[in-house]
1. Scan segment 211-247 residue by residue and report those that are in a loop (DSSP other than H, G, I, E, B) and either surrounded by 14 or more Cβ atoms within 10 Å (Cβ to Cβ) or in contact with a Pro (Cβ under 6 Å, 6 or more places away or on another chain) (or both).
2. When both residues are 6+ apart or on different chains and their Cβ atoms are under 8 Å apart, which pairs have a first residue that lies in segment 203-214 and is of a type in the set (Phe, Trp, Tyr), and a second that is surrounded by 14 or more Cβ atoms within 10 Å (Cβ to Cβ)?
3. Look through 13, 8 and report the one residue that is in contact (Cβ under 8 Å) with a residue 60 or more places away in the chain and near the ligand (Cβ under 9 Å from one of its atoms).
4. Only residues that are within 11 Å of the ligand (Cβ to nearest atom) and surrounded by 22 or more Cβ atoms within 10 Å (Cβ to Cβ): list them for segment 52-70, please.
5. Report whether or not residue 96 is more than 10 Å from the ligand (Cβ to nearest atom), within 25 Å of the chain's Cα centre (by Cα) and in contact (Cβ under 8 Å) with a residue 24 or more places away in the chain.
6. Based on this model, can you work out whether residue 174 counts as at negative phi, exposed (fewer than 14 other Cβ atoms within 10 Å of the Cβ), touching a helix residue (DSSP H, G or I) at 6+ places or on another chain (Cβ under 9 Å) and not charged (D, E, K, R)?
7. Quick one: count up the residues across segment 75-85 that are crowded, with 18+ Cβ neighbours inside 10 Å and of a type outside the set (Val, Ile, Thr).
8. Out of the residues in segment 134-158 meeting the condition of being in contact with a Ser or Thr (Cβ under 8 Å, 6 or more places away or on another chain) and in a helix (DSSP H, G or I), tell me which one is farthest from residue 122 (Cα to Cα).
Amino acid sequence: MSEVTVIGLGPMGSAMAETFLAAGHEVTVWNRTASKADPLVAKGATRAAGPATGELLVISQTAYQAMYESLGEARLDGKTLVNLSSGTPDELREAAGWVAERGGTLVTAGIMVPPPGIGQPGAYTFYSGPKEALDRYAGTLEALSEVTYVGEDPGLAMMYYQAQLLMFWSSLTSFMYAAALVGTAGVRPTAFAPLAQGLHGELAADGPMGYIKILSEELESGVYPGDENSLHMQAVGMGHVVETLRAAGLETTVPEALHRLFARADAEGHGHEGITAVVESIRKPG
Ligand SMILES: NC(=O)c1ccc[n+]([C@@H]2O[C@H](COP(=O)([O-])OP(=O)(O)OC[C@H]3O[C@@H](n4cnc5c(N)ncnc54)[C@H](OP(=O)(O)O)[C@@H]3O)[C@@H](O)[C@H]2O)c1
């Protein structure tokens, strides 16, 4: 089995180190707060003298600044760094240059599961950067999740990751507003959950409510039919959602933002088209 050094032993890095150990790899660990390595050393990992130890460095820290602070001026000749920390695409591009200046190669990554999902079926990670470097270590990285390569530009892994997180966080926040709203009528969240699960399942499936597929086809064609359900009608309806939440004594930041966006698209002349026309306003910040 191969050798891997895990840098950053928060919930994610610790779960990654454990998963590599369970897969039979030789695991070395390093963390700014050294004591977080203790449970992993007890399970068979080796404590690194410094962060720039080994040939394959898997990094999982809060943000990219942590990589700069951890590695400092260390030379990285011949090393491949796979960074699974959060950042912006531009930060990742800058980081690729920083690693290259020190003689190393950076593979950027965004992992799409929480700690308990690492190494489980269905887990996947977006990778970008030099493909040959990823291919060299894909056999080791597959212990964590499916390896999904999205392109040479080092910023792409985070672009895909942020796109997924945007949908994840906004869907969950909408569910919290919805649960809070029906909660004001005494409905328990667990009693409401099956309705929310049903809607999300329908949006993801094929069929008349299969809007992810419907919208993606309309986005590609640039044609947004609104004969059966116009954007104007939906902008008015979204206004009613905001009023209902407000009347129920709830705060309305996110629903109001949605209403503003729909109303702007309507005012910009898209009211007779379908909801997909909102993308025209998204592409043109007001
Ligand atoms: N948790 C999740 O569900 C999840 C899911 C997908 C992706 N992610 C991403 O995975 C990454 C790690 O997640 P996590 O939950 O383990 O987060 P975390 O708790 O924020 O990560 C903490 C790790 O970052 C280190 N760190 C932070 N600032 C540092 C600095 N300036 N210098 C050196 N080390 C520093 C910490 O070291 P100390 O122990 O010394 O403080 C610790 O090892 C994040 O970028 C997160 O966005 C998380």
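The values are calculated or read from the model by the stated rules, or taken from the named source; none is laboratory data. Owing to the predicted nature of the structure, the values given are computational and were not obtained by experimental measurement. Note: ideal-geometry Cβ built from the backbone for every residue, glycine included; neighbour counts use all protein chains shown.
1. If the condition is that a residue be in a loop (DSSP other than H, G, I, E, B) and either surrounded by 14 or more Cβ atoms within 10 Å (Cβ to Cβ) or in contact with a Pro (Cβ under 6 Å, 6 or more places away or on another chain) (or both), then 224, 225, 226, 230 are the ones that fit.
2. 211/203
3. Matching residue, one of 13, 8: 8.
4. Filtering segment 52-70 for residues within 11 Å of the ligand (Cβ to nearest atom) gives 59-70.
Once the filter is applied, which keeps residues that are within 11 Å of the ligand (Cβ to nearest atom) and surrounded by 22 or more Cβ atoms within 10 Å (Cβ to Cβ), segment 52-70 yields 59, 60, 61, 67.
5. Judged against the criteria, residue 96 is a match.
6. No: the conditions fail for residue 174.
7. Residues flagged as crowded, with 18+ Cβ neighbours inside 10 Å and of a type outside the set (Val, Ile, Thr) within segment 75-85 amount to 6.
8. Checked segment 134-158; the qualifying residue farthest from residue 122 (Cα to Cα) is 136.
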